[in-house]
Amino acid sequence: MNLSIKDLEYSYNKTAKVFNHLNLNFKDGKIYAIVGENGIGKTTLLNLLAGLYLPNHGKILYNQKLLTQEDIKAQTAFIPCDIDLYPLLDAYDHIHLVAELWEMKKATYKRYKEKVLKCLQQLHLNELDKAVEEYSSGMKYKLYFSLMFSRDIQILLLDEPFNVLDEKSQKIAMEIIQSIKSNILVIFSSHHKATIKQFADQTIVLNKEIRFAQQSV
């Protein structure tokens with residue numbers, strides 16, 4: 001999956017533009033870190049790539065094609081900084097819920113459930129029949145990560161990943177992603193130097209010059 005941002009403009013209102021003539025290119029098989037000071041637009045960029053926000057102008061091309069929001073939803077997994085799960089449901093309930101939301105057929109659901117359970121096992125999350133409200137922040141992140149990562153995706157987006165995980169779990173999560181990175185495109189935002197150094201193949205510094213660029217960077 002090659003992803004290109006062409007002459008993108010985005011603003012929350014008429015007076016405060018976040019991006020103006022933004023041009024960036026990403027290629028699969030690599031893990032990209034988006035870095036920059038607070039408020040520079042890292043999370044906004046990920047939301048645009050995930051199809052949660054729509055640009056005011058310009059294009060986001062996936063393999064040189066414009067995709068519908070439904071296509072982006074099918075091909076992209078976005079793991080935000082602040083995750084949201086249903087407190088009264090357990091892990092099995094969430095697996096079934098995601099399968100329903102993404103309209104998985106029976107065979108696909110079986111493979112998906114196996115992948116989620118394997119991922120949870122790798123991350124040492126074993127209390128799968130407990131309601132999520134009994135989980136710690138790290139346990140919730142492991143479940144959300146496994147639910148999204150285990151789908152058949154081409155792009156993985158992560159906003160400030162692994163912050164709530166202990167050091168051992170951080171390493172395992174990175175290794176899980178790196179094991180399939182040749183088949184997908186991974187983009188994450190972070191301000192943690194250790195995470196960037198350990199996890200990223202390439203770093204893109206998001207600053208005012210790039211946000212308001214007049215040509216490709």
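What the table below lists for this structure:
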| read-out | value |
| --- | --- |
| The stretch 132-164 versus the stretch 74-101: alpha-carbon centroid distance in Å | 9 Å |
| Amide H contacts of Leu185 (H built 1.01 Å from N, under 5 Å, at least 5 apart or other chain) | Gly29, Ile155, Leu156 |
| Cα-based helix-to-principal-axis angle, 91-101 vs the chain, degrees rounded to 10 | 50 degrees |
| Helix 167-178 axis, angle to the chain major axis (alpha carbon atoms, nearest 10°) | 70 degrees |
| Selected from His96, Ala131, Ile204, residue furthest toward positive end of dipole (the stretch 3-211; charges at beta carbon) | Ile204 |
| Nearby lysines by direct alpha-carbon distance to Lys118 (threshold 24 angstrom, same-chain neighbours under 8 apart not counted) | Lys30, Lys73, Lys105, Lys106, Lys110, Lys130, Lys140, Lys142, Lys168, Lys171, Lys181 |
| Relative pair counts by distance (%), Cα atoms of the chain, 5 Å bins | 1, 7, 15, 19, 19, 16, 12, 7, 4, 1, 0 |
| Packing rank of 174-180, 70-76, where each peptide gets the mean count of other beta carbons within 10 Å, highest leading | 70-76, 174-180 |
| Gyration tensor verdict on the stretch 82-190 (Cα atoms; rounded if a/c is under 1.5, prolate if a/b is larger than b/c, oblate otherwise) | oblate |
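No lab work stands behind these numbers, since they all come straight from the coordinates. None of the values given here were measured: they were computed from a predicted structure. Counting neighbours? That spans all protein chains shown, and the Cβs are built from the backbone with ideal geometry, glycine included.
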